[in-house]
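Right, one structure below, let's go through it.
Just so you know, all these numbers are worked out from the coordinates, no wet-lab data involved. For clarity, every value in this text was computed on a predicted model and none was experimentally measured. Reconstructed Cβ throughout: ideal geometry from the backbone, glycine too, with neighbour counts over all protein chains shown.
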Amino acid sequence: MTTDVLLKENERVDDLQRNHYKIIQDPNRFCFGMDAVLLSGFARAGEGDRVLDLGTGTGIIPLLMEAKTKASHLTGLEIQAESADMAARSVKLNGLESKITIVNGDIKEAVSLFGAASFDVVTCNPPYMTEHHGLTNPNAPKAIARHELLCTLEDVISQSARLLKPGGNFFMVHRPFRLTDIIVLLREYKLEPKRMKLVYPFVDKDPNMVLIEANRGGKPRMTVEKPLIVYKEPGVYTDEIYDIYGY
């Protein structure tokens, strides 16, 4: 791990609890949440796989997946220059320049940037909210991360379908209220839903996240896995969550 990485105003370094990796974040912009960690735990990549994370933010998913898989190379694509810069500096901070590449660019142009059928795995933790859902400041980094201002769900799925090699896998975390849209779009773009897991904050509450895997050109059949419960009681994670976080 290198130490000659400069921090900018308001930035901090957080410990990821995996392989001693650390990440640079600015709490005034957008810090990664549990959804990104859960996606990195749900997604799979085999030995030698090339992985692309769409809308990588500060690079949390490539960092965690590098720590837990044998993928040969991981790329993070991020449209916000400041976030992409933080992600690139986090890669350097951890000495992973040969394993992870960060690209500042637009999801809608991903196929033009990387080429069709160029990845074995694509991951995405996209904006959950439609354009005007609870929107206050459309120019704020947090708004761009949370709302479909610069890309839509269809942009993510259509580009992923073209970016994946035949038989490649797409992994996404989203909100259950968008599940119908997700399934319809996946099938429209020939990404067959294969695995789904609902995430519940407490055992007696409604689910607030869904993790889904789809396969390019796969045959119809989806496994719905047992639910993931986040908290045993207020402030106390379940054992499965502690395991995903690596505590």
Check: If you add up the charges near residue 116, with Lys and Arg at +1 and Asp and Glu at -1, over every other residue whose beta carbon is less than 14 angstrom from its beta carbon, what do you get?
Finding: +3
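Under a point-charge model restricted to the Cβ atoms of Lys and Arg (+1) and Asp and Glu (-1), what is the dipole moment magnitude of the chain relative to its Cα centre, in debye to the nearest 20?
680 debye
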Margin query: Using the Cα centre of the stretch 12-245 as origin and beta-carbon charges of +1 (Lys, Arg) and -1 (Asp, Glu), tell me which of 48, 13, 96 is placed farthest towards the positive end of the dipole.
Written below: 48
Checklist line | Contour minus Cα-Cα distance for residue 82 and residue 181 (0.36 nm per residue) | finding: 32.6 nm
Notebook entry, point to check: For residue 109 and residue 224 in the same chain, what is the full-extension length gain: residue separation times 0.36 nm, less their Cα-Cα distance, in nm?
Noted result: 38.2 nm
Margin query: Skipping prolines and chain starts, which residues have an amide H placed within reach, meaning under 5 Å, of the one on residue 52, given they are 5 or more residues away or on another chain?
Written below: 75, 121, 122, 123
Item checked: Only Lys, Arg (+1) and Asp, Glu (-1) charged, at Cβ; the stretch 4-76 dipole about Cα centre in debye -> 180 debye
Check: For the stretch 63-80, what does the Karplus curve 6.51 cos²θ - 1.76 cosθ + 1.60, with θ = phi - 60°, yield as ³J(HN,Hα) per residue in whole Hz, taken in order and with x for Gly and Pro?
Finding: 4, 5, 6, 5, 6, 10, 10, 10, 4, 6, 7, 10, 10, x, 10, 9, 7, 7
Checklist line | Compactness relative to 2.2 N^0.38 Å, alpha carbon Rg of the stretch 12-245 | finding: 0.95
Margin query: Which one, 223, 37, 157, is farthest towards the positive end of the dipole of the chain when Lys and Arg carry +1 and Asp and Glu -1 on their Cβ?
Written below: 223
Check: What's the exposure ranking of 83, 112, 158, going from fewest to most Cβ atoms within 10 Å?
Finding: 112, 158, 83
